[in-house]
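What follows is a single structure, written as structure tokens, with notes after it.
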Amino acid sequence: DLAEKHGLIVVAPYLDRERFPTRLYQQGGVVGEPDRAKWLYHSIERLYDHLVATRRAEPGGYILFGHSAGAQFVHRMVLALPEARYRLAVIGNAGFYTLPTEAGPAGGFPFPYSLEGTPITEAERAKALQRPLIVMLGDQDIDPNHYQLNNSKRARAQGPHRFARGQFFFAAAEAEAKRLGVRFGWKLIVVPGVDHDNTRMSAAAAASAAL
């Protein structure tokens, strides 16, 4: 219904739990894989090539959207593959984030909590921070004990719940862009009255993507 309303085509890759556990899905297969071409993010680009070749999509770029675990995948793809052909990336209510820095908030927090330990360069980081990304946060996603929430020490350093962690992530990215002296292309949108609800966040994301 949202696709019809906003004139969008929805393409959802099937990433099942058996073949794509956390290190591959949420974290893109970055850890322990020196061959960047094998990072899962490139599969999105290959899928887009297929859609264009079969005339199911236009060649002008695509929109990325992910909620919760999907938001983890999307924001890490933005950082790891800044040359990807997305026109806009939208993330909603991730459980925790990879900070666009080389160390976590207390120092020494490696990937996936920061870019420490990855081959992602400062120049790539700078490019990613200039690309269009919307960080969408439901202002009621504030349960610090949600059954799906990562409550490790490193995740809690970003805040007690998803709403706080999203704000922390955005502020860290803005500060990093300033440090690097580049234009900050990201935007923060707070969705009032919404908790960890994919349906309602999807509606807000579709409206933003259609603008």
Inset, instruction - Taking H placed 1.01 Å from N in the peptide plane, check which residues at least 5 places from Ile134 or on another chain put their amide H under 5 Å from its amide H. - result: Ala89, Val90, Ile91, Lys187
Legend entry - Under Karplus coefficients 6.51, -1.76 and 1.60, residue-wise ³J(HN,Hα) of the stretch 112-128 in Hz, glycine/proline x: x, 8, 8, 8, 4, x, 10, x, 5, 8, 4, 5, 5, 4, 4, 5, 4
Inset, instruction - Enumerate the calculated ³J(HN,Hα) couplings along the stretch 46-53 in order (Karplus 6.51 cos²θ - 1.76 cosθ + 1.60, θ = phi - 60°), each rounded to whole Hz, writing x wherever the residue is Gly or Pro. - result: 5, 5, 5, 4, 5, 5, 5, 5
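Given only helices, namely DSSP H runs of n ≥ 4 each adding -39500 (n - 2.57), what is the per-residue ellipticity at 222 nm of the chain, to the nearest 500 deg cm²/dmol?
Calculated from helices alone, the mean residue ellipticity at 222 nm is -10500 deg cm²/dmol.
In debye, nearest 20, what is the charge dipole magnitude of the chain about its Cα centre with +1 on Lys and Arg Cβ and -1 on Asp and Glu Cβ, if you could check?
It comes to approximately 260 debye.
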Legend entry - Lysine pair count for the chain [Cα-Cα under 29 Å; pairs on different chains or 8 or more apart]: 7
Inset, instruction - Under 9 Å from the Cβ of His196, count the other residues' Cβ atoms, weight Lys and Arg +1, Asp and Glu -1, and hand me the total. - result: -3
Inset, instruction - Label the stretch 47-165 by shape, choosing from rounded, prolate and oblate, from the square roots a ≥ b ≥ c of the eigenvalues of the Cα gyration tensor; if a/c is under 1.5 it is rounded, and otherwise prolate applies when a/b is larger than b/c, oblate when it is not. - result: oblate
Inset, instruction - Starting from the Cα of Glu83, step 7 Å along the direction of its Cβ; do the same at Lys153; then give the gap between the two resulting points in nm. - result: 3.9 nm
Inset, instruction - Give me the Kirkwood hydrodynamic radius of the chain, using the inverse of the mean 1/r over all pairs of distinct Cα atoms, in Å to one decimal. - result: 17.4 Å
Inset, instruction - Please figure out what share of the DSSP beta bridges in the stretch 1-153 is antiparallel and state it in percent, rounded to the nearest 5. - result: 0 percent
Legend entry - Ser114 long-range amide H proximity, modeled H, under 5 Å: Leu99
Legend entry - Where labels lie 7 Å past Cα in the beta-carbon direction, separation of Arg17 and Ala123 in nm: 4.2 nm
Inset, instruction - When a/c is below 1.5 the answer is rounded, else prolate if a/b is larger than b/c, else oblate, so apply that to the stretch 26-90 with a ≥ b ≥ c taken from the square roots of the Cα gyration tensor eigenvalues. - result: oblate
Inset, instruction - Hey, can you grab everything whose amide H is under 5 Å from the amide H of Val191? Only 5+ residues off in sequence or another chain; H modelled, so Pro and N-termini drop out. - result: Leu137, Gly138, Asp139
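Quick note: the coordinates plus some simple rules give every number you see, no bench work behind them. Being a predicted model, the structure only gives us computed values, none of them experimental. For neighbour counting, all protein chains shown are included, and Cβ atoms are generated from backbone atoms with ideal geometry for every residue, glycine included.
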